[in-house]
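See below for the structure under consideration.
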Amino acid sequence: MAQTGVQPKPRGFWKTHQKTLAPWLFLAPGIAMFLLYVIFPIFESIWISFYQWDGLGPKTWVGLQNYRDLFADDSFYTSLKNNLIWLVLYLLAIPMGLTVALFLNQTVTGIRLYKSLFFFPFVISQVVVGLIFTWFYAPDFGLLPKLLQALTGSGKDFAVLADERYATLGVIAAGLWPQTAYCMILYLTGLNNINPEQVEAARMDNAKGLSMLWHIILPQLRPATFIAFVVTVIGALRSFDLISVMTLGGPYGSTRVLSYFMFEQALSEYGTAMGYGAAIAVVLFAIMLVFITIFIVRMLSQERNS
């Protein structure tokens, strides 16, 4: 006899492709926001950099003229040099953050208070940080001149932010304070996820101190180091708020960086060169992309070899 039974209902499109479509539906809002607020502005900036435009009137196509003018501008090279100084010195936040994290990863009396004190710079605004350090450097009532005067007998009239030789270093020092706190948080998170079995095995092999740190701890902190490096590089290259609060690019443009130079040319009270400012932004983006790409490639090659 032929078997009879109820035929199964055909599955709908959603039931058939639910596992494939569901993740994309959850990701769709984030992808749309990323395309709208990140990818589109990047290409729009590149496009505007080929025009002469005041931001309101009609655009005039000038091709690569904005880039020619930029590479012939002494202010561009001053800003680029300062950005490189920022990049080199700002990377000190990574080892400093690691050092603080290793200290705070201990069980000692009052460790919660220490963590709160080191975490404090991360939660306050960069504008507040800039004001604090501006007062710290103030030649008439600042703490730094008074310390120098107490230690050396001179330094009462030492104005860090008014001296072309030290102004950039003073602003970078202000930036290192919260950036070190950020790197510290990343490394504290990484230290909490370290495999304790590897640590115990290394101790049984008499590994300790720098040997333990180099061969056991740091390899497991590579994800935290990667994030710290990327964020620090981006922070160094787009540094703007501290310069705006502390020096306004002075004295005599000596602390100007590419992001502040772009603001001056395109968005400030007297800046109407939107195309020229977009060209500066494109160059800054290209520099940032090169550094991050090199580090990503190096990290991936290390992971393949390990």
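All but one of (1) β-branched (Val, Ile, Thr); (2) under 21 Å from PHE50 (Cβ atoms); (3) assigned to a helix (DSSP H, G or I) hold for ILE243; state the number of the condition that does not hold.
With (1) β-branched (Val, Ile, Thr); (2) under 21 Å from PHE50 (Cβ atoms); (3) assigned to a helix (DSSP H, G or I) applied to ILE243, the lone miss is (2).
Restricting attention to the stretch 178-227, report how many residues are assigned to a loop (DSSP other than H, G, I, E, B) and surrounded by fewer than 13 Cβ atoms within 10 Å (Cβ to Cβ).
5
Write out, first by first residue and then by second, each pair whose Cβ atoms fall under 6 Å of each other, whose residues are 6+ apart or on separate chains, and whose first residue, in the stretch 201-214, is free of Cβ contacts under 8 Å to residues at least 12 places away in the same chain while the second is of a type outside the set (A, V, I, L, M, F, W, C) and assigned to a helix (DSSP H, G or I).
If the second residue must be of a type outside the set (A, V, I, L, M, F, W, C) and assigned to a helix (DSSP H, G or I), no pairs are left.
Residue by residue through the stretch 87-101, note down the ones that are without any contact (Cβ under 8 Å) to a residue 12 or more places away in the chain and under 14 Å from the mean Cα position of the chain (by Cα).
Matches in the stretch 87-101: VAL88 only.
Going by what's in this entry, would SER79 be described as over 30 Å from ILE194 (Cβ atoms) and either out of contact with any strand residue (DSSP E or B) (no Cβ under 9 Å at 6 or more places or on another chain) or assigned to a helix (DSSP H, G or I) (or both)?
Spelling it out, SER79 is indeed over 30 Å from ILE194 (Cβ atoms) and either out of contact with any strand residue (DSSP E or B) (no Cβ under 9 Å at 6 or more places or on another chain) or assigned to a helix (DSSP H, G or I) (or both).
Which one is nearest to the chain's Cα centre (by Cα) among residues in the stretch 254-281 that are small (Gly, Ala, Ser) and closer than 28 Å to ILE292 by Cα?
SER259
Which condition breaks for THR255 when tested against (1) in contact with a Gly (Cβ under 8 Å, 6 or more places away or on another chain); (2) assigned to a helix (DSSP H, G or I)?
Of the numbered conditions (1) in contact with a Gly (Cβ under 8 Å, 6 or more places away or on another chain); (2) assigned to a helix (DSSP H, G or I), the odd one out for THR255 is (2).
Restricting the stretch 127-173 to residues that are small (Gly, Ala, Ser) and out of contact with any Leu (no Cβ under 6 Å at 6 or more places or on another chain), which is nearest to VAL88 (Cα to Cα)?
Ranking the candidates gives ALA173 first.
Does the stretch 155-177 include one or more residues that are assigned to a loop (DSSP other than H, G, I, E, B), surrounded by 13 or more Cβ atoms within 10 Å (Cβ to Cβ) and at pLDDT 90 or above?
yes
Which residues, taken from the stretch 56-86, are hydroxyl-bearing (Ser, Thr, Tyr), touching a Phe, Trp or Tyr at 6+ places or on another chain (Cβ under 8 Å) and either without any contact (Cβ under 8 Å) to a residue 12 or more places away in the chain or on the phi > 0 side of the Ramachandran plot (or both)?
THR60
Return the total of residues in the stretch 122-146 being under 21 Å from LEU186 (Cβ atoms), at pLDDT 85 or above and either in contact with a Cys (Cβ under 9 Å, 6 or more places away or on another chain) or surrounded by 15 or more Cβ atoms within 10 Å (Cβ to Cβ) (or both).
Looking only at that region, the number is 2.
What residue, of ALA101, ALA150, is assigned to a helix (DSSP H, G or I) and within 24 Å of THR232 (Cα to Cα)?
Sole residue among the options that is assigned to a helix (DSSP H, G or I) and within 24 Å of THR232 (Cα to Cα): ALA101.
How many residues, within the stretch 20-75, are assigned to a helix (DSSP H, G or I), more than 29 Å from the chain's Cα centre (by Cα) and under 15 Å from GLY277 (Cβ atoms)?
1
Let's see how each residue does on (1) closer than 29 Å to ARG165 by Cβ; (2) modelled with pLDDT of 90 or more; (3) of a type in the set (Lys, Arg):
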{"position": "SER244", "(1), (2), (3)": "yes, yes, no"}
{"position": "THR247", "(1), (2), (3)": "yes, yes, no"}
{"position": "THR255", "(1), (2), (3)": "yes, yes, no"}
{"position": "LEU258", "(1), (2), (3)": "yes, yes, no"}
{"position": "GLN265", "(1), (2), (3)": "yes, yes, no"}
{"position": "TYR270", "(1), (2), (3)": "yes, no, no"}
{"position": "ALA286", "(1), (2), (3)": "no, yes, no"}
{"position": "GLU303", "(1), (2), (3)": "no, no, no"}
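Taking the options ALA278, ALA207, name whichever one is closer than 30 Å to LEU56 by Cα and not charged (D, E, K, R).
Residue meeting the stated conditions: ALA278.
The values are calculated or read from the model by the stated rules, or taken from the named source; none is laboratory data. Because the structure is a prediction, the values reported are computed rather than measured. All Cβ positions, even for glycine, are placed from backbone atoms using ideal geometry, and neighbour counts span all protein chains on display.
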